[in-house]
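Q: Quick one: this structure, given as structure tokens, is what I'll be asking you about.
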Amino acid sequence: MDYLELTVLGSNSAIPLVNRHPTSQFLTLANRHFLIDCGEGTQVQLRKNNIGFGRINHILISHLHGDHFFGLVPLLTSLHLLDRQREMHIYAPAELKKVIQTILSASATWLKFPLNFHPLNMKEKESIFEDEKIKVHSFPLQHKLDCCGFLFEEKARPRHIKKSALTQYNIPVSELKKIKQGEDWINEEGTRIANEALTDPADEPLSYAYCTDTLPVENLRDFFSNPSLLYHEATFAEEHASRAAETTHSTARQAAGMALKVNAQNLIIGHFSVRYKDLTPLLEEAREIFPTTELAREGHKFIIKHKKQELELG
Ligand SMILES: [Zn+2]
Ligand SMILES: [Zn+2]
């Protein structure tokens, strides 16, 4: 799946409702998979959405309020019972390592697979994962507890080989990779063929920024800009702005303001307070400022493909 797909597993704030669960999301970008936050009941939500546990090798936890990690140890225990052998990477505040160890040792569970724990830097933007296709950073948010956002970015994508070039020049397959990376090609007669004659421009890389449990961060643009998709919490409507400030959360209007600030292409809002049975007013409030906004809802898949860079519902 060579595009961006985000499945919402939980959209609610602290207390679950029958059809609204604590925060968790499953992201696929350039065929890499990430579980982002893991509130209570996440493994059931994974089952409901047909997401195989085996696809999860990287779990990111934003902060240590229970609605973001109380589903983690049960998920790890299930993986153990399912005989998982492969290493699991967890990126989380340092204190979580002890919490996991304490619960597992109290229940005499000795995991069959290695846990590779990566403590987050809660104060500064930091690289936490990188391979040949993508890079992931954490960055600090502003919440009661230390809390990190996450930025997932594709690296520069390969240029497209022109069909006409393939027929016109007899380019050996072994040369294609270098040409897609922008190099000129020197043919068998020693003639240099400019890359522009052989390729069309690459697609714009896709990116996803995740900002949960935070006041509006004035300097958010220092951490990223122009994401294809921004998730920003909107625990409250603007009429409860003082409650949002007291509890270090954001309103739907503020979330939309942040999307403008970082020049996002699309916005999803979530982490809704249980007080809102109907979420339409929050959506309308955000759309007044930022029209391409959607609500995070359980089981919704949000897809962005390279050519259009528009949000589609899967
Ligand atoms: Zn929360
Ligand atoms: Zn919180």
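Q: Among what's in region 182-199 and is of a type in the set (S, T, N, Q) and out of contact with any helix residue (DSSP H, G or I) (no Cβ under 9 Å at 6 or more places or on another chain), pick the residue that is modelled with the lowest pLDDT.
A: Asn187
Q: Another question, if that's okay. Being in contact with a helix residue (DSSP H, G or I) (Cβ under 9 Å, 6 or more places away or on another chain), within 16 Å of ligand 1 (Cβ to nearest atom) and under 15 Å from Thr7 (Cβ atoms) is the filter here, so list the residues in region 36-66 that pass it.
A: Hits for region 36-66 are Asp37, Cys38, Gly39, Gly41, Thr42.
Yes or no, residue by residue, for (1) within 20 Å of Cys38 (Cα to Cα); (2) among the hydroxyl-bearing types (Ser, Thr, Tyr); (3) part of a helix (DSSP H, G or I):
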| site | (1), (2), (3) |
| --- | --- |
| Val73 | yes, no, yes |
| Leu76 | yes, no, yes |
| His80 | yes, no, yes |
| Gln85 | no, no, no |
| Lys97 | yes, no, yes |
| Leu104 | yes, no, yes |
| Val136 | yes, no, no |
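Q: Take Thr28 and decide whether it is closer than 25 Å to Ser127 by Cα, within 16 Å of ligand 1 (Cβ to nearest atom), of a type in the set (Ser, Thr, Tyr) and in the same structural domain as Ser207 (by TED's automatic domain parsing).
A: no
Q: Taking Met88 as the residue in question, decide whether it is within 15 Å of Ile56 (Cα to Cα) and either in contact with an Asp or Glu (Cβ under 8 Å, 6 or more places away or on another chain) or crowded, with 18+ Cβ neighbours inside 10 Å (or both).
A: yes
Q: Which of the residues belonging to region 163-180 are surrounded by 14 or more Cβ atoms within 10 Å (Cβ to Cβ), closer than 17 Å to Pro201 by Cβ and out of contact with any helix residue (DSSP H, G or I) (no Cβ under 6 Å at 6 or more places or on another chain)?
A: Leu176, Lys180
Q: From the list Arg20, Arg84, which residue is of a type in the set (Lys, Arg) and within 14 Å of ligand 1 (Cβ to nearest atom)?
A: One residue alone meets the criteria, Arg20.
Q: Scan Ala156, Ala202 and give me the residue that is more than 30 Å from Thr235 (Cβ to Cβ), out of contact with any strand residue (DSSP E or B) (no Cβ under 9 Å at 6 or more places or on another chain) and at pLDDT 90 or above.
A: Only one candidate qualifies: Ala156.
Q: Of all residues in region 141-174, which are within 16 Å of ligand 1 (Cβ to nearest atom) and part of a strand (DSSP E or B)?
A: Cys148, Gly149, Phe150
Q: Could you say which residue among Leu35, Leu111, Leu46, Leu9 is in a strand (DSSP E or B), away from ligand 2 (no atom under 15 Å from the Cβ) and without any contact (Cβ under 8 Å) to a residue 60 or more places away in the chain?
A: Exactly one residue qualifies, and that residue is Leu35.
Q: Right, something else. Which one is surrounded by the fewest Cβ atoms within 10 Å (Cβ to Cβ), of the residues in region 224-247 that are within 16 Å of ligand 2 (Cβ to nearest atom) and of a type in the set (D, E, K, R)?
A: Among them, the one singled out is Glu246.
Q: Anything in region 290-314 that is part of a strand (DSSP E or B), in contact (Cβ under 8 Å) with a residue 24 or more places away in the chain and under 22 Å from Glu204 (Cα atoms)? List them, or say none.
A: Once the filter is applied, which keeps residues that are part of a strand (DSSP E or B), in contact (Cβ under 8 Å) with a residue 24 or more places away in the chain and under 22 Å from Glu204 (Cα atoms), region 290-314 yields Thr293, Lys301, Phe302, Ile303, Ile304, Leu311.
Q: Scan (1) buried (at least 21 other Cβ atoms within 10 Å of the Cβ); (2) within 16 Å of ligand 2 (Cβ to nearest atom); (3) among the polar types (S, T, N, Q) for the single condition Ser207 breaks and write down its number.
A: Of everything listed in (1) buried (at least 21 other Cβ atoms within 10 Å of the Cβ); (2) within 16 Å of ligand 2 (Cβ to nearest atom); (3) among the polar types (S, T, N, Q), Ser207 misses just condition (2).
The values are calculated or read from the model by the stated rules, or taken from the named source; none is laboratory data. A quick note: this is a predicted structure, and the numbers were derived from the prediction, not measured. Neighbour counts run over all protein chains shown; Cβ positions are idealised from the backbone, glycine included.
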